[in-house]
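These notes are about the structure you will find just below.
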Amino acid sequence: MKKKLFVPVLCAVALSATACGSNASSEKAETTTTEATTAAETTTAEETTTAPETEAAAQAVPIGQAAKIGEWTVTVSNMQILDSIPDNYGSFSPDEGNKYLLVTMTASNEGKQADSFLPSYPMDDDDTTAKILYGDGYEFIHTNLLGYSKSMLSTTVNPLSSKDGDIAFEIPDSVASATDPITLEISNGKEKVNFSLR
C-alpha cells in the first residue's frame, strides 16, 4: 500500500516542480525579451544619431572646388556630354544609343612617392577608383580610351606634382538627356568624395 501511495505523490511533486520551473523560465524569457528590446531601441537610437553625420559626409563637392582623398587633392573643373571625343589623330565614339560623359580634372599627389592615379585595373583597396552615380543606385564605371592623350587613367604623378586630364564614362542616351543629378564618386580605400556634376 505504501508503494501505491508513494508513486502518485512522487508524480504530484514532479509536476509541481515542473510547473514552477516553467514559470521561472517564462519570467526569464520575459526579462530576456525586455533586455533585447532595450538593446534594439538603443541600437536604433545610435543609428539615428549617426545618420546625419553620414549624410553630411556624403554631401557633394561642386565643380571648381578641391577635395582631399587619401594622398590626392582632386579638383573637377568641367563636365561635358559628347557624341564623340576628338583626339590628335581621330576621335572616340561610344556604342550606339550611348554618349560620353567627359570629366575634366586636376589631381595633385600630396604623398611622398610617385603614385598612379586611377589605375585601369585596381589591385589594392588603397587604389583610387572613380564611378558615376545616377538615379536610384545606377553606377557607371570609367571607359578606358586606349591612346587618348588626355586620359587620367593609370597616370603616374610624382610627389608634390599635379596632372590635368579627363576621365570618360559611357552612359545611355536616356541618362544624358535627363535632368536628374549625376555624381562623380572617387574612392580611395574607405574614403569617398562625391562631386556634383549636374
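Multiplying the residue separation of THR73 and SER116 by 0.36 nm and removing their Cα-Cα distance gives an extension gain of 14.1 nm.
Average accessible surface for segment 55-198: 56 Å² per residue, computed with a 1.4 Å probe over protein heavy atoms with every protein chain in place.
Taking every Cα-Cα distance in segment 112-176 and sorting them into 10 Å bins from zero, the calculated P(r) comes out as 19, 45, 29, 8, 0 percent. Label-to-label distance, ALA66 versus ASN144, with points set 7 angstrom from Cα along the beta-carbon direction: 3.0 nm. Taken along the Cα-to-beta-carbon direction at a fixed 7 Å, the label points for LYS192 and SER84 span 3.6 nm.
Label sites at THR106 and LYS163, each approximated as a point 7 angstrom past Cα along Cα to Cβ, lie 1.6 nm apart.
Taken over segment 66-189, the alpha-carbon convex hull comes to 110 cubic angstrom per residue. Per-peptide packing, taken as the mean over residues of other Cβ atoms within 10 Å, places 133-142, 93-102 in the sequence 93-102, 133-142 from highest down.
The values are calculated or read from the model by the stated rules, or taken from the named source; none is laboratory data. Just so you know, these numbers come straight off a predicted model, no measurement behind them. As a convention, Cβ positions derive from the backbone with ideal geometry for all residues, glycine included, and neighbour counts pool all protein chains shown. Heavy atoms of the whole protein, side chains included, go into the accessibility calculation; ligands, DNA and RNA do not. Shrake-Rupley method; radii C 1.70, N 1.55, O 1.52, S 1.80 Å.
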